[in-house]
């Protein structure tokens, strides 16, 4: 499932490439024909991400709400202007405690940091004709607009950029009041809410809940943006047993979880990858940026030795989702 960092990256790509431009909208798949007809010809005026949801505004106070869910993704084609506040697809940003600086570009095999497709990793990418602000992919002779490939719920097209939405859980038009009501149901997001206020909200909710901390971190009404990967990694980094009831987690540990989430989310947005390991030497950093298997402490490491104590990492199912943890470090 795409987690919070992906949705914030998507919003920033929309801000650079779609906002301020009139769009042609269509639903090649046929499941959003009426909504696309309402959007068609309007100017995109603003975009915002909150947790795992993105809200794209159009003129006359019309909003498009998109929740990618488990399998959704936005595929971009055409001239893609890169947000200068985010590292390029192969950039090296976010972990200021890493040693070494001028590393060569690193390609990620899982597609997490791709500029052409952001969301659920995909084997097939829509071809990208990059602008002068990017490099190394495509040329100006490609077919335009690009042919529709697969099941595209919504296509948004400007003169130079195409954004195709595939496989979302939600794709709906909303009024400003409906957007506000949707966001009001979400927990704090470190990139949206005031950090101090968000910490207080998160801490207050967790500290009164009998629910396990593992479930609370995945509850989007408690905190926004955390999915399976970040959940497992945050709990390991805190050396916290995932089954501990929220009300039994020490207050400072709860606050530490929020602060660590704020840090990891920022790194994820900057690099496009869920990098959760610290203090790597340059060679280890390159491996981690290139391969998810070298990027995490416990996620997807069931049966493998813990990187800290050597105990076999446990995999269990909790509320239909996979939970990875170390029974010794997180005892």
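A short reminder: the numbers here are calculations on the coordinates, not readings from a lab. These figures come from a predicted structure and were not determined experimentally. Methodologically, a virtual Cβ is constructed for each residue, glycine included, from the backbone with ideal geometry; neighbour enumeration extends over all protein chains shown.
Numbers at a glance
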quantity: Additional length obtainable on full extension of the chain from residue 307 to residue 34, 0.36 nm per residue less Cα span; calculated: 93.1 nm
quantity: Computed lengthening from residue 291 to residue 173, 0.36 nm per intervening residue step minus Cα-Cα distance; calculated: 38.8 nm
quantity: Mean Cβ neighbour count within 10 Å, used as a protection proxy, ranking 25-33, 42-50, 157-165 highest first; calculated: 157-165, 42-50, 25-33
quantity: The range 188-325: relative contact order as a whole-number percent, Cα under 8 Å and 6+ apart; calculated: 21
quantity: Ranked 185, 52, 209, criterion: other C-beta atoms within 10 Å, fewest first; calculated: 185, 209, 52
quantity: Mean shadow area of the range 171-247, taken as a quarter of the surface of its Cα convex hull (nm²); calculated: 6.0
quantity: Packing-based ranking, highest mean first, of 144-155, 305-316 given that Cβ atoms within 10 Å are counted; calculated: 144-155, 305-316
quantity: Rg over Rh [alpha-carbon atoms, Kirkwood Rh] for the range 188-325; calculated: 0.96
quantity: Distance in nm between pseudo-label sites at residue 194 and residue 300 (7 Å out along the Cβ direction from Cα); calculated: 3.9
quantity: Packing-based ranking, highest mean first, of 228-236, 291-299 given that Cβ atoms within 10 Å are counted; calculated: 228-236, 291-299
